[in-house]
1. Return the only residue of Arg111, Arg145 being part of a helix (DSSP H, G or I), under 12 Å from Ala37 (Cβ atoms) and not acidic (Asp, Glu).
2. For region 94-129, which residues satisfy the criterion of being out of contact with any Pro (no Cβ under 8 Å at 6 or more places or on another chain) and aromatic (Phe, Trp, Tyr)?
3. Does Gly45 satisfy the condition of being farther than 10 Å from Leu91 by Cα, surrounded by 15 or more Cβ atoms within 10 Å (Cβ to Cβ) and touching a Phe, Trp or Tyr at 6+ places or on another chain (Cβ under 8 Å)?
4. Could you check, for region 48-55, whether at least one of its residues is of a type outside the set (Gly, Ala, Ser), surrounded by fewer than 19 Cβ atoms within 10 Å (Cβ to Cβ) and more than 20 Å from Thr99 (Cα to Cα)?
5. Would you pick out the residues in region 28-78 that are touching a strand residue (DSSP E or B) at 6+ places or on another chain (Cβ under 9 Å) and of a type in the set (S, T, N, Q)?
6. Could you tell me whether Val88 is more than 24 Å from Ala147 (Cα to Cα), in contact with a Ser or Thr (Cβ under 7 Å, 6 or more places away or on another chain) and modelled with pLDDT under 95?
7. Inside region 39-80, can you point out the residues that are out of contact with any Leu (no Cβ under 7 Å at 6 or more places or on another chain), at pLDDT below 90 and not small (Gly, Ala, Ser)?
8. Looking only at region 64-108, count how many residues are farther than 18 Å from Phe48 by Cβ and in a helix (DSSP H, G or I).
Amino acid sequence: MIDKHPRQGSADASAPGTPEQVRAVAPSKDTLAMRAAAVLTWIAGLGFGLPCIYAIAYFADTGRVWTFLGFPTYGGGTFEDSGIRTTVPLLCLFLVVCTVEVVVGWLLWRRRRAGVVLGFALLPVEFAFWIGFALPFGYIVGIARPAFLALRPQRSDTS
């Protein structure tokens, strides 16, 4: 009779569950932190960017800020308080920022150093728009993404 299960203490390195295979399958802390940061970045980029496309069309057509569930989208925040009115170019600039966020998420997912650098560099611009347009959910992502990136172990590679 042939034993289909390797015995403990077997020298067969290709046996399932060997430490080498477990290390190859189990994601590292670096991977988990980068992937979590990527998902948060995609949530912000797509969550604000996709509605922004409609908001641009609505504002261009009506000259008014689009309201959703009774709340003004991309208007009524500190931009207006400081005299910066919502305009199509301002909304288009925010859409560019959201698009860059999606790219940063892709770079983070692929564990690229450029994603980390761009993620930190983009944060002040994102905060300016989140504050300016009174987008409260942006702050959650804005705090969580760098926290995940700070959790990852430091690597010496430059990829």
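1. Going through Arg111, Arg145 in turn, just one is part of a helix (DSSP H, G or I), under 12 Å from Ala37 (Cβ atoms) and not acidic (Asp, Glu): Arg145.
2. Phe94, Trp106, Trp109, Phe127, Phe129 - these are the residues of region 94-129 that are out of contact with any Pro (no Cβ under 8 Å at 6 or more places or on another chain) and aromatic (Phe, Trp, Tyr).
3. No, not satisfied.
4. Applying the first criterion (of a type outside the set (Gly, Ala, Ser)) to region 48-55 yields 48, 50-54.
Those still in the list that are surrounded by fewer than 19 Cβ atoms within 10 Å (Cβ to Cβ) too: 50-51, 53-54.
Next cut, more than 20 Å from Thr99 (Cα to Cα) only: none.
No, that holds for no residue.
5. Result: Thr73, single match.
6. no
7. Result: Arg64, Val65, Trp66, Thr67, Phe68, Leu69, Phe71, Pro72, Thr73, Thr78, Phe79, Glu80.
8. The number of residues fulfilling the criteria is 2.
The values are calculated or read from the model by the stated rules, or taken from the named source; none is laboratory data. Because the structure is a prediction, the values reported are computed rather than measured. FYI the Cβ positions are ideal-geometry reconstructions off the backbone, even for glycines, and counts take in every protein chain you see.
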